[in-house]
Amino acid sequence: MSDEFELETLALHTGIHRSQFNEHSEALYLTSSFVFDSAAQAAARFSGAEPGNIYSRFTNPTVTAFEERLAALEGAETCVATSSGMSAILACVMGLLSAGDHVIASQSLFGATVNLFNNILKRFNIETTFVSATNVAAWEAAVKPSTKLFFIETPSNPLTEISDIAALAAVAKKAGAWLAVDNCFCSPALQRPLDLGADLVIHSATKYLEGQGRVLGGAVLGKRDLLMEQGVFGFLRTAGPSLSPFNAWVILKGMETLKIRMDAHSANALQIARWLEAQPGVARVHYPGLPSHPQYELARRQQKTGGGIVSFELEKGKEAAWRVVDCVRLISITANLGDTKSTLTHPATTTHARIGQESRDAAGITDGLLRIAVGLEAVEDLKADLTRGLTA
Ligand SMILES: *Cc1c(COP(=O)(O)O)cnc(C)c1O
């Protein structure tokens with residue numbers, strides 16, 4: 001399958017390799033290892049002289065099907081699947097960087113990503129400079145001779161800031177660095193970073209790719225030489241954060257409805273964002289599909305719709321935010337996002353609690369901020385659920 005088909009079609013038909021039983025739905029290969037016909041074949045598989053599966057830490061047919069399908073959707077040469085979104089970021093960094101290398105990362109990243117760069121990688125002498133997601137000049141100014149990687153998320157979590165992928169790709173290229181884009185919030189249904197010049201795409205497949213909050217998974221996508229020769233896959237098969245075939249199968253089936261879900265999430269989110277803007281006690285609404293969003297024009301150029309995540313700030317701070325959380329009956333109080341069911345989070349005391357006050361201030365995550373990952377419920381029911389806490 002290739003570029004001759006549209007995304008909806010690729011999401012249904014890519015990565016299908018039928019077994020001798022000619023099953024219609026993709027088979028699930030729950031096996032840790034694969035059997036060889038002879039000593040010579042075992043040796044040939046291990047040496048790489050003969051292609052084929054050896055052990056599911058390296059490759060597995062169900063995982064391969066997931067990788068092929070996601071690669072087609074992102075327009076990538078290669079996809080390497082991982083056990084979670086965080087292990088995708090880890091595999092990317094461990095596969096491509098060495099001690100002494102420098103990273104420039106957006107200030108507005110998923111909390112665990114900030115922690116990984118700030119605390120863990122620092123211990124291995126990989127230093128990270130955090131700069132504004134939206135100020136391209138700040139990225140240029142932060143470049144050092146040792147800079148190897150630019151890392152962004154767009155829209156960002158939880159403030160939905162939009163980074164200019166094409167502009168940052170140009171700066172990264174000039175600096176001799178790779179640009180990695182965490183494409184979790186948009187998914188390839190809304191945005192394809194590689195088309196805009198990014199070198200690497202990162203996914204938490206846990207979110208919209210899977211779509212129903214059932215399993216964890218992740219992926220790194222990009223050019224074959226970057227992922228296969230330069231060590232991302234090598235790190236994975238050696239260190240072991242590989243995607244389980246069961247999870248790959250669940251995500252593979254989830255991806256079949258990606259386009260339809262992303263369109264529906266976006267339509268619901270736009271309605272909720274517009275409605276929130278008119279509610280008493282709401283100081284600000286952050287949603288890339290609203291004309292009031294500071295990067296509205298850039299968002300319109302770069303992504304198909306605003307996506308499913310809306311965040312908003314309560315005038316009265318943490319107390320007012322917690323009241324909204326404590327009054328919902330339909331919307332789930334949970335940190336996950338990208339689920340068909342709506343979820344609500346207070347970032348300052350949950351997902352972004354561990355990054356500390358200073359990092360939160362820098363990222364603009366106030367105590368009155370709430371993030372809603374708008375699901376596929378009827379919008380009127382969601383409004384009623386939020387109204388209870390807003391007017392309490
Ligand atoms: C959830 C998330 C991650 C981490 O993914 P896991 O699958 O939970 O490890 C990374 N980036 C973003 C933007 C996320 O929302």
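The values are calculated or read from the model by the stated rules, or taken from the named source; none is laboratory data. Everything quoted here is computed from the prediction, not taken from an experiment. Don't worry about glycine lacking a Cβ; one is built from the backbone with ideal geometry, like all the others, and counts go over all protein chains shown. For accessibility, only protein heavy atoms count, side chains too; no ligands or nucleic acids. Shrake-Rupley method; radii C 1.70, N 1.55, O 1.52, S 1.80 Å.
Points worth noting:
- Taken across the range 317-329, residues that are open to solvent by 70 Å² or more (accessible area, probe 1.4 Å), of a type outside the set (A, V, I, L, M, F, W, C) and under 24 Å from the mean Cα position of the chain (by Cα) do not occur at all.
- For the range 152-178, a tally of residues being more than 16 Å from the ligand (Cβ to nearest atom) and of a type outside the set (Asp, Glu) returns 13.
- Answer from ALA71, ALA88, ALA42 - the residue that is open to solvent by less than 60 Å² (accessible area, probe 1.4 Å), touching a His at 6+ places or on another chain (Cβ under 7 Å), part of a helix (DSSP H, G or I) and over 15 Å from TRP249 (Cα atoms): ALA88
- Test: residue in the range 105-118 that is on the phi < 0 side of the Ramachandran plot and more than 16 Å from the ligand (Cβ to nearest atom): no
- Residue in the range 259-299 that is farthest from VAL310 (Cα to Cα), counting only those that are in a strand (DSSP E or B) and open to solvent by less than 30 Å² (accessible area, probe 1.4 Å): VAL282
- Matching residues in the range 300-315 - criterion: being out of contact with any strand residue (DSSP E or B) (no Cβ under 9 Å at 6 or more places or on another chain), in contact (Cβ under 8 Å) with a residue 24 or more places away in the chain and open to solvent by 70 Å² or more (accessible area, probe 1.4 Å): LYS304
- Which numbered condition THR128 fails, given (1) open to solvent by 20 Å² or more (accessible area, probe 1.4 Å); (2) in contact (Cβ under 8 Å) with a residue 40 or more places away in the chain: (2)
- The condition of being open to solvent by less than 10 Å² (accessible area, probe 1.4 Å) and in the same structural domain as SER98 (by TED's automatic domain parsing) holds for only one of LEU243, LEU216, that being LEU243.
- Considering the range 236-251, the residues that are within 16 Å of the ligand (Cβ to nearest atom) and in a helix (DSSP H, G or I) include one that is nearest to THR62 (Cα to Cα), namely ALA248.
- Matching residues, the range 154-196, being in contact with a Ser or Thr (Cβ under 8 Å, 6 or more places away or on another chain), open to solvent by less than 10 Å² (accessible area, probe 1.4 Å) and either free of Cβ contacts under 8 Å to residues at least 12 places away in the same chain or in a strand (DSSP E or B) (or both): VAL181
- Considering each residue of the range 197-218 in turn, none proves to be away from the ligand (no atom under 16 Å from the Cβ), part of a helix (DSSP H, G or I) and either under 20 Å from MET86 (Cα atoms) or at pLDDT 95 or above (or both).
- Flag if LEU227 is part of a helix (DSSP H, G or I), crowded, with 24+ Cβ neighbours inside 10 Å and touching a strand residue (DSSP E or B) at 6+ places or on another chain (Cβ under 7 Å): yes
- Test: residue in the range 142-151 that is open to solvent by less than 10 Å² (accessible area, probe 1.4 Å), within 21 Å of THR78 (Cβ to Cβ), in contact with a helix residue (DSSP H, G or I) (Cβ under 7 Å, 6 or more places away or on another chain) and within 13 Å of the ligand (Cβ to nearest atom): no
- Taken together, GLY254, GLY338 contain a single residue that is in a helix (DSSP H, G or I) and either within 30 Å of MET94 (Cα to Cα) or within 16 Å of the ligand (Cβ to nearest atom) (or both), which is GLY254.
- Among (1) in contact (Cβ under 8 Å) with a residue 60 or more places away in the chain; (2) open to solvent by 60 Å² or more (accessible area, probe 1.4 Å) - the single one ASP381 does not satisfy: (1)
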